[in-house]
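Everything below concerns the one structure shown next.
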Amino acid sequence: SDVCSSDLFYSVFKKYSYSSSHKSFSPMIEFNDSEPYRTMDLALSSLKINGAVVIDSFNNDKAIEDFKNAYSKELLEIKNKANCRYLDVKIKNELLKMWLNPWLYELLSKYYGTNPYCSNYPEIWHVDNTNSSENLASNWHIDHCAKTGLQQYLHDIEPDGSTMEILLGSHKLPNLPRTFDENWVKYSGFKVCRLYGKKGSLQIHDPNVI
């Protein structure tokens, strides 16, 4: 179901009300085990200001390796695929520990002001993180107006590799179900930001961010 938060209100008549915020707030934060709610506050701030957040050290090495071992067959299969770069995976305990993390769902509940629900089936994606020319998305676009994007990094995502790029603050725009060309991006007033992080980082982006 569609959700609405008062933090996402904007004025379509005043460009400064929805273009990139003058307030600088990095979308890259680190999970603090001793202060998880401090981390949650930082994540909420980044989602509200930027439309995305990357939480470093959200899952430790053991959790990531347990997941990779549980899905070793699927990971090998997807690396050998020439065209299709993703694969639906069967539900296992290692997946549920990541996918249904209570802290994560509390964060999303606070962001949207309502309980979130699982929708799309979990998928494993393979990206060549050493090749910045490998484009999984060829145009600037909005994923979906009501489905939050959650990506768990199973290896390091390098800043100069194949990363996801967003326009900071563009989630405050009216939903526009179309693609955007480079000329539009250039004069939009939004700052381009690459999302990356170490193995174990969790990436979250608002469904309406470009």
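The values are calculated or read from the model by the stated rules, or taken from the named source; none is laboratory data. Treat the numbers as computed from the prediction; the structure is a model and nothing was measured. We work out accessible area using only protein heavy atoms, side chains counted, and drop any ligands, DNA or RNA first. Shrake-Rupley method; radii C 1.70, N 1.55, O 1.52, S 1.80 Å.
Accessible surface comparison of K90, K198, probe 1.4 Å, protein chains only, largest first: the order is K90, K198.
Probe radius 1.4 Å, ligands and nucleic acids ignored: give me the carbon and sulfur share of the accessible area of region 60-119 as a rounded percent. Mind dumping the intermediate values first?
Values: 1990 of 3940 Å².
Looking at region 60-119 in its full context, I get 51 percent from C and S.
With a ≥ b ≥ c taken as the square roots of the eigenvalues of the C-alpha gyration tensor of region 19-76, please select rounded if a/c is under 1.5 and otherwise prolate if a/b is larger than b/c or oblate if it is not? Oblate, because a/c is 1.5 or more while a/b does not exceed b/c. Extension gain, N175 to D61: 0.36 nm times the residue separation minus the Cα-Cα distance gives 37.3 nm.
For region 160-209, the mean projected area of the C-alpha convex hull, equal to one quarter of the hull surface, is 4.2 nm².
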